[in-house]
Amino acid sequence: MHPIVAAVPRQAWRQLAQRAASSSSTASSAARLSSFARQQFSTAAKRPIPSFRANSTRSYSSSSLPPPTPPRKKNPNELKFWPFLVVIALGSGGYILLANKRNGMPTLPPKKDDPAGLLAQPSKPTPTFSPDEVTVIFVLGGPGAGKGTQCANLVKDYGFTHLSAGDLLRAEQDRPGSQFGELIKDCIKNGAIVPMEVTVQLLENAMTEAINNGTNPNKKFLIDGFPRKMDQALKFEEVVCPAKFVLFYDCPEEEMERRLLERGKTSGRSDDNIQSIKKRFRTFIETSMPVVDHYEKEGRVVKITATAAPQKVYEATRNEIKKFGI
Ligand SMILES: Nc1ncnc2c1ncn2[C@@H]1O[C@H](COP(=O)(O)OP(=O)(O)O)[C@@H](O)[C@H]1O
Ligand SMILES: O=c1ccn([C@@H]2O[C@H](COP(=O)(O)OP(=O)(O)O)[C@@H](O)[C@H]2O)c(=O)[nH]1
């Protein structure tokens, strides 16, 4: 039996035969069709439906030819191919037209001094500051973990310059005429991260100023609350200065929340309220912790438990940074 014949559902054949019987002008043609259908069902039940894949190499000899195909009723659900052909034809035509048009367009002349086009690729920038001359330590931890408190201690004893990314952003937000004021205000209130270009530039400017005005002769910087997102981390180390290591203050959320609500009584900060605090915690977990994990994998994280009293946390900090020659 022909594969298409075998694949026609039994119900369809029956309907076909019945319709033919009722509409046919001669009873004999209806009977012929009906008997043909019966024959097909009985053989179809015995023979498996041929699989095109299994028989793809088989050739039919004339003796094994399938029986004559019965008249085929058009299936209203049958997939129409002509719309696909039209789409393919139109697409190919459009492509050819475009390609021909481009052929006539002028192209950039090859550079004489760069025949291989290597200079066309932007080269990796050299950081503004060399880590051999400038020491950068990133200070990370959740909001309220005590980063600012510990940085103040380190400044006193080690002569670091403390640059808080949050403080720099708040100053830029309040600077008259700043084009980023509104954006920064919005981000801080919602605990979101300000686009890295702004923060990286503010930090680089502050470092340059501290080095140039002689307030930081030993060129040691604590960069507090930064980087809070992977793109910032990569960008800063690429264009400004690679960091020596990361000081990470680890503190549970309940404790940080308690500290921030207490700080909020006097800080005047737009984000030291419970709604903003919750958003900041979320950003910290989702966006900033991956930065810590990244540096941890590189063996560049000094992790300090920040739940004890400030002085105890500071002692732990001193002990740990000794290991990095500080
Ligand atoms: N170890 C600590 N124990 C209790 N309170 C602390 C501790 N460290 C800091 N604080 C207080 O918690 C609040 C948040 O500290 P801060 O240093 O401003 O955190 P961060 O810079 O990480 O946001 C401040 O009010 C600070 O005085
Ligand atoms: O690199 C940074 C650092 C801070 N912020 C924004 O500044 C806010 C306050 O940061 P800060 O470090 O001053 O405070 P913390 O949340 O650590 O208490 C953050 O929630 C962010 O909205 C930012 O966008 N990028």
- Message: Can you report the number of residues in segment 222-267 which are within 16 Å of GLY166 (Cβ to Cβ), out of contact with any Asp or Glu (no Cβ under 9 Å at 6 or more places or on another chain) and within 11 Å of ligand 1 (Cβ to nearest atom)?
- Response: 4
- Those residues of segment 273-285 which are in a helix (DSSP H, G or I) and either closer than 25 Å to VAL246 by Cα or not hydroxyl-bearing (Ser, Thr, Tyr) (or both), in sequence order: ILE274, GLN275, ILE277, LYS278, LYS279, ARG280, PHE281, ARG282, THR283, PHE284, ILE285
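Residues are listed down the side, and each one gets a yes or a no for (1) in a helix (DSSP H, G or I); (2) without any contact (Cβ under 8 Å) to a residue 40 or more places away in the chain; (3) at positive phi:
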residue	(1), (2), (3)
PHE248	no, no, no
LYS265	yes, yes, no
ASP271	no, no, no
THR287	yes, no, no
TYR295	yes, no, no
LYS303	no, no, no
THR317	yes, no, no
ILE326	no, no, no
- Query: Restricting to segment 206-224, what's the tally of residues that are touching a residue at least 24 places away in the same chain (Cβ under 8 Å) and either outside the structural domain of VAL155 (by TED's automatic domain parsing) or of a type in the set (S, T, N, Q) (or both)?
  - Reply: 4
- Task: Answer yes if at least one residue in segment 156-168 is among the basic types (Lys, Arg), within 15 Å of ligand 2 (Cβ to nearest atom) and assigned by TED's automatic domain parsing to the domain that holds VAL301, and no otherwise.
- Result: no
- Tell me which residues, restricted to segment 143-189, are within 29 Å of the chain's Cα centre (by Cα), closer than 20 Å to PHE236 by Cβ and small (Gly, Ala, Ser). SER164, ALA165, GLY166
- Message: Give all pairs with beta carbons closer than 8 Å in which a residue from segment 225-236 that is farther than 21 Å from GLY144 by Cβ meets a residue that is part of a loop (DSSP other than H, G, I, E, B) and within 16 Å of ligand 1 (Cβ to nearest atom); count only pairs at least 6 apart in sequence or on separate chains.
- Response: ALA233/PRO227; PHE236/PHE226; PHE236/PRO227
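The values are calculated or read from the model by the stated rules, or taken from the named source; none is laboratory data. Values in this document were obtained by computation on a predicted structure and should not be read as measured data. All Cβ positions, glycine included, derive from the backbone under ideal geometry; neighbour counts span all protein chains shown.
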